[in-house]
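K.L.:
First the structure, then my questions, so here it is.
The values are calculated or read from the model by the stated rules, or taken from the named source; none is laboratory data. Treat the numbers as computed from the prediction; the structure is a model and nothing was measured. Cβ coordinates were reconstructed from backbone atoms using ideal geometry, including for glycine residues, and neighbour counts include every protein chain displayed.
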Amino acid sequence: MSNPYPDALALSSRILRVLIKLNLLVGAGIVALLVVSLIAKATVGVSPALSSPKLFIGMLLIMVIGICGVLVVRFVLKRLLMIVETVSTGDPFVAANAARLQAIAWALLALELMHYAVGAIAASVSSAAVPLNIGWGFSLTRWLTVLLLFVLARVFQQGARMREELEGTV
């Protein structure tokens, strides 16, 4: 089966590889901020604006969630890359892709829950003196994306099953 869009798939693969590297760079940046924050607090103390231990702990928790988010995004990007590779070989409806899509759906659900955790932490440690204005809230688009991925995973699972049945009858 020939690929009608080889350039689009090759471009998608390259973009995903770049995004994986950029994601790791972001992760390294968050880890560096976390380490510097801990070292600065231990050696020079904190600025008067951050003198609240509650605020400092909240910021540390947000950084830890950010590191976890980087790991989840890497997981998603790697699975997407694997799906693109199977599509480029002309074999997208395989059980492995159904499992990958379902794993991506669970990962995006986890990211969405992390988003709410960060918002809740920011709201709980924010004060009039040092407000943490993190734009967070419900997004219908993100939740629909999660639902769509669960449905697509099921579609791929059914497609793979039907294909196996068809190959078994020929």
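K.L.:
Within the range 90-112, is even one residue modelled with pLDDT under 95, part of a loop (DSSP other than H, G, I, E, B) and over 30 Å from residue 9 (Cβ atoms)?
P.N.:
Checked the range 90-112: no residue is modelled with pLDDT under 95, part of a loop (DSSP other than H, G, I, E, B) and over 30 Å from residue 9 (Cβ atoms).
K.L.:
Oh, and also: Any residue at all in the range 49-70 that's at pLDDT 85 or above, surrounded by fewer than 14 Cβ atoms within 10 Å (Cβ to Cβ), farther than 30 Å from residue 129 by Cα and β-branched (Val, Ile, Thr)?
P.N.:
no
K.L.:
Answer with yes or no whether residue 150 is more than 22 Å from residue 63 (Cα to Cα) and aromatic (Phe, Trp, Tyr).
P.N.:
yes
K.L.:
Can you work out which of the residues in the range 90-147 that are aromatic (Phe, Trp, Tyr) and over 30 Å from residue 167 (Cβ atoms) is surrounded by the fewest Cβ atoms within 10 Å (Cβ to Cβ)?
P.N.:
138
K.L.:
Now for a separate question. Here is a list of conditions, (1) touching a residue at least 40 places away in the same chain (Cβ under 8 Å); (2) among the charged types (D, E, K, R); (3) over 23 Å from residue 22 (Cα atoms), and residue 74 meets all of them except one; can you say which number that is?
P.N.:
(3)
K.L.:
Just to be sure, is residue 81 exposed (fewer than 14 other Cβ atoms within 10 Å of the Cβ), modelled with pLDDT of 95 or more and in a helix (DSSP H, G or I)?
P.N.:
So residue 81 fails the test.
K.L.:
Mind listing whichever residues of the range 101-125 are in contact with a helix residue (DSSP H, G or I) (Cβ under 9 Å, 6 or more places away or on another chain) and free of Cβ contacts under 8 Å to residues at least 40 places away in the same chain?
P.N.:
103, 106, 107, 109, 110, 112, 115
K.L.:
Would it be correct to say that residue 94 is within 22 Å of residue 77 (Cβ to Cβ) and without any contact (Cβ under 8 Å) to a residue 60 or more places away in the chain?
P.N.:
In short, no.
K.L.:
Among the numbered criteria (1) of a type outside the set (Phe, Trp, Tyr); (2) assigned to a loop (DSSP other than H, G, I, E, B); (3) within 23 Å of residue 25 (Cβ to Cβ), which one does residue 118 miss?
P.N.:
Going through (1) of a type outside the set (Phe, Trp, Tyr); (2) assigned to a loop (DSSP other than H, G, I, E, B); (3) within 23 Å of residue 25 (Cβ to Cβ) one by one, residue 118 breaks only (2).
K.L.:
Residue 134 versus (1) assigned to a helix (DSSP H, G or I); (2) closer than 19 Å to residue 63 by Cβ: which is the lone unmet condition?
P.N.:
The single condition residue 134 does not satisfy is (1).
K.L.:
Does any residue of the range 144-162 turn out to be assigned to a helix (DSSP H, G or I), under 23 Å from residue 65 (Cα atoms) and of a type in the set (Gly, Ala, Ser)?
P.N.:
Checked against the condition, which is being assigned to a helix (DSSP H, G or I), under 23 Å from residue 65 (Cα atoms) and of a type in the set (Gly, Ala, Ser), the range 144-162 yields no hits at all.
K.L.:
Go through the range 101-133 residue by residue and tally those that are aliphatic (A, V, I, L, M) and within 30 Å of residue 83 (Cβ to Cβ).
P.N.:
Within the range 101-133, residues that are aliphatic (A, V, I, L, M) and within 30 Å of residue 83 (Cβ to Cβ) number 13.
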